[in-house]
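Student: Below you'll find the structure I mean.
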Amino acid sequence: MVTWGIVFALILALAYFSSRMVRQEEEGFQDAGLAILEFGRAFPQEAIRSLHATADGKAVFVRLHDNKAGFMRSLRNHFACHLIEPGTVRVQPLPNGTGMAVEFLDAPAHNGEYTFTNPAVAAEVSLWLLGNYVGHADREPDAASGAAG
């Protein structure tokens with residue numbers, strides 16, 4: 001009788017943990033706090049200014065303090081965080097206007113089409129990537145301040 005009780009308890013524990021893993025995988029990055037914590041853990045020296053998750057919650061694009069950009073992707077039971085270096089990303093708009101096809105030259109495993117909840121978010125993220133596309137040395141000096149980009 002005790003043996004059956006232990007077996008039953010183990011089956012219940014296995015069912016509980018497997019259901020939590022499936023639920024976490026389905027949720028993705030719907031919680032912005034989780035995305036901030038995970039990206040901060042991967043790149044503690046980078047300050048996050050803003051972030052936008054894709055419509056399915058499987059990826060997050062991150063805007064950093066010095067106009068750099070980052071990227072996070074949910075990969076089953078862990079998160080892949082990537083700091084996008086200037087000149088290492090190509091972006092093409094999707095026909096529906098709410099997303100873009102992104103090609104990471106230094107991390108091809110993350111290439112794909114990313115759709116957002118509305119066109120304004122997609123445009124904002126594409127501007128982050130466009131600002132990140134041009135390296136600091138290639139930018140024109142700011143006429144108002146007299147300082148380089």
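Student: For segment 68-120, enumerate the residues that are exposed (fewer than 14 other Cβ atoms within 10 Å of the Cβ), part of a strand (DSSP E or B) and out of contact with any strand residue (DSSP E or B) (no Cβ under 6 Å at 6 or more places or on another chain).
Tutor: Passing the criteria: LEU75, HIS78.
Student: Still on this structure, please answer the following. May I ask you to say which residue of LEU105, LEU83, LEU94 is within 23 Å of ALA32 (Cβ to Cβ), of a type outside the set (Lys, Arg) and modelled with pLDDT of 80 or more?
Tutor: Of the residues listed, the single one that is within 23 Å of ALA32 (Cβ to Cβ), of a type outside the set (Lys, Arg) and modelled with pLDDT of 80 or more is LEU83.
Student: Is one or more of the residues making up segment 41-48 of a type in the set (Lys, Arg) and assigned to a loop (DSSP other than H, G, I, E, B)? If you could, list the steps in order and put the result at the bottom.
Tutor: Here is the first cut: in segment 41-48, the ones of a type in the set (Lys, Arg) are 41.
Checking the rest, the ones that are also assigned to a loop (DSSP other than H, G, I, E, B) come to none.
No - not one qualifying residue is present in segment 41-48.
The values are calculated or read from the model by the stated rules, or taken from the named source; none is laboratory data. Quick caveat, the model's predicted, so the values are computed rather than measured. Cβ: placed from backbone, ideal geometry, glycine included. Neighbour counts: every protein chain shown.
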